[in-house]
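Worksheet: the structure to be examined is printed underneath.
The values are calculated or read from the model by the stated rules, or taken from the named source; none is laboratory data. What you see is a predicted model, and the numbers here were worked out from it, not measured in a lab. All Cβ positions, even for glycine, are placed from backbone atoms using ideal geometry, and neighbour counts span all protein chains on display.
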Amino acid sequence: MNADELLKPFTLKTLQLKSRVVMAPMTRNRSPKNIPGAEVANYYKRRAENHVALIITEGAVVDAAGHAYPDAPNFFGEKALKGWERIVEAVHGAGGKIFPQLWHAGSTRQRSTAPFRNLRLTVLRQLPIRLLKTVKILSKCLWMISTA
Ligand SMILES: Cc1cc2nc3c(=O)[nH]c(=O)nc-3n(C[C@H](O)[C@H](O)[C@H](O)COP(=O)(O)O)c2cc1C
């Protein structure tokens, strides 16, 4: 395929893109206190100014308990959403489209975050094995009692 094809506009139903270049989500850890600011807006704007038609944002965390990396942006709360609003405006101003990647780190989330601040994740991961061992020991005891 001719590389020029990538720079031709593309339409999918109501989505109109100025090129076929789509940017994959890449975590940057550049949002101090989890608020995406001017640095983030300029970063995405520069991509939109340079042929990227559609940007899938870095993972944007949907809940305080969902963080796994420092300085990853929130996608909740007034300040963070205001930050995203500015980013969207900057990207649209440069002729690009932008879509958030929503992120919750699940079992790899940071420790000491709400809602279970003191919970050790390793304990959680070991839970099924521990349960199995307990059941085994209990059944052995029962067997010994019944055959005594
Ligand atoms: C620095 C860096 C940060 C990344 N952050 C994310 C992310 O936030 N979310 C995600 O889904 N993938 C993330 N990725 C994975 C890239 O999106 C992925 O590498 C890209 O889609 C290309 O796919 P490939 O690595 O299989 O070729 C990251 C990759 C790199 C190199």
Name every residue in region 119-128 that is farther than 17 Å from His67 by Cα, at pLDDT below 65 and surrounded by fewer than 10 Cβ atoms within 10 Å (Cβ to Cβ), in order of residue number.
Val123
Please go through (1) of a type in the set (A, V, I, L, M, F, W, C); (2) in contact with a Lys or Arg (Cβ under 9 Å, 6 or more places away or on another chain); (3) at pLDDT below 95 for Leu142 and return the number of the only condition it doesn't satisfy.
(2)
When you scan region 55-70, do you find a residue that is of a type in the set (Ser, Thr, Tyr) and touching a helix residue (DSSP H, G or I) at 6+ places or on another chain (Cβ under 6 Å), even just one?
no
Mind checking which strands (runs of 3 or more DSSP E) fall wholly inside region 1-118 and carry at least 3 residues that are within 16 Å of the ligand (Cβ to nearest atom) and surrounded by 13 or more Cβ atoms within 10 Å (Cβ to Cβ)?
54-61, 97-103
